1. So is I42 under 18 Å from the mean Cα position of the chain (by Cα) and farther than 23 Å from L154 by Cβ or not?
2. Kindly establish whether R151 is surrounded by fewer than 23 Cβ atoms within 10 Å (Cβ to Cβ) and either in contact (Cβ under 8 Å) with a residue 40 or more places away in the chain or not small (G, A, S) (or both).
3. Checking G88 against (1) at positive phi; (2) part of a helix (DSSP H, G or I), which test does it fail?
4. So, V109, is that one free of Cβ contacts under 8 Å to residues at least 60 places away in the same chain, surrounded by fewer than 24 Cβ atoms within 10 Å (Cβ to Cβ) and within 21 Å of K216 (Cβ to Cβ) or not?
5. When you go through K218, K204, K211 one by one, which is the residue that is open to solvent by 10 Å² or more (accessible area, probe 1.4 Å) and closer than 24 Å to G60 by Cα?
6. How many residues does the range 81-99 hold that are over 27 Å from K168 (Cα atoms), open to solvent by 20 Å² or more (accessible area, probe 1.4 Å) and within 16 Å of the chain's Cα centre (by Cα)?
7. For the range 190-201, which residues satisfy the criterion of being open to solvent by 50 Å² or more (accessible area, probe 1.4 Å) and in a strand (DSSP E or B)?
8. All but one of (1) among the basic types (K, R); (2) more than 21 Å from H112 (Cα to Cα); (3) open to solvent by less than 70 Å² (accessible area, probe 1.4 Å) hold for K159, so report the exception by its number.
Amino acid sequence: MFITSKLIPASYQGISFQEITYQSDEFEVKGLLYEPKIVERIIIYLRGGKGQVGTLRPAGLMRFAYPNTLVAAPYYRGTHHNGQDEFGGGDREDVYALVRILRTKYPDVPLHFIGFSRGGIQGLVTYQNSDVTSFITWGGVSSIYYMYDERLDLRSMLKRIVGPITDKAAYDKREGINLIKADSPPIMIIHGTEDKQVNIAHGKMLEERLKNLGIKHKAIYLEGEAHVLRPDNERMILQEIYRWMLAVE
């Protein structure tokens, strides 16, 4: 179970958020938890960014607080001087450990991953071994190789954390799109056509892979939208996500 769980000054629909601490390998990892009294599904939100960039906030989780839905999200190791963020390497255990804890309490409810931006990689490298009902990738990275090519500004970070691009084993381990198999769970793809941080090519490549393997999927491409959606389109997408989850459960 959790090492610690403390209420924080944030609530939604009368339910307070908790900051949780749990064991992941030798690290104590923190996360956020929104837990209603009745739980009919679980969403694990895999955030974008690294370190303090893209850090979790309760408002981000409130978007997914659908009826009778528990929402949890790991900060990832390295956020609180507890190890190093490995960008889909050893830190995938931060996801697995959280899944195990929640599954102990709720063994039979549907479980969905939602990965935003970098969370696309984090989800693709973990969702197939987490007994999920589906994975929703929202402006998500599908290929770390393509990310290396397109984001010159992130190359030094990738070289520092993952290694030189010539280290094929390290990059292949994180090449989420190639880890998908014919029996992988369904995937929903959400991407803006004008996304400059994570090019829409990530969504298109993933969709093509899913088609070739015959995996149930749905792709929504939002014309003119950037990495962060405008409020009206975000509201629409949140409704689409709920409908998707109900359809696959």
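1. Yes; evaluated as a whole, the condition is true for this residue.
2. When the stated conditions are applied, R151 passes them.
3. (2)
4. no
5. One residue alone meets the criteria, K218.
6. Selection size over the range 81-99: 0.
7. The answer is none; no residue qualifies.
8. Condition (3) is where K159 drops out.
The values are calculated or read from the model by the stated rules, or taken from the named source; none is laboratory data. Treat the numbers as computed from the prediction; the structure is a model and nothing was measured. Note that we place each Cβ from the backbone using ideal geometry, even for glycine, and neighbour counts take in every protein chain shown. Side chains included, ligands, DNA and RNA excluded: accessible areas come from the protein's heavy atoms. Shrake-Rupley method; radii C 1.70, N 1.55, O 1.52, S 1.80 Å.
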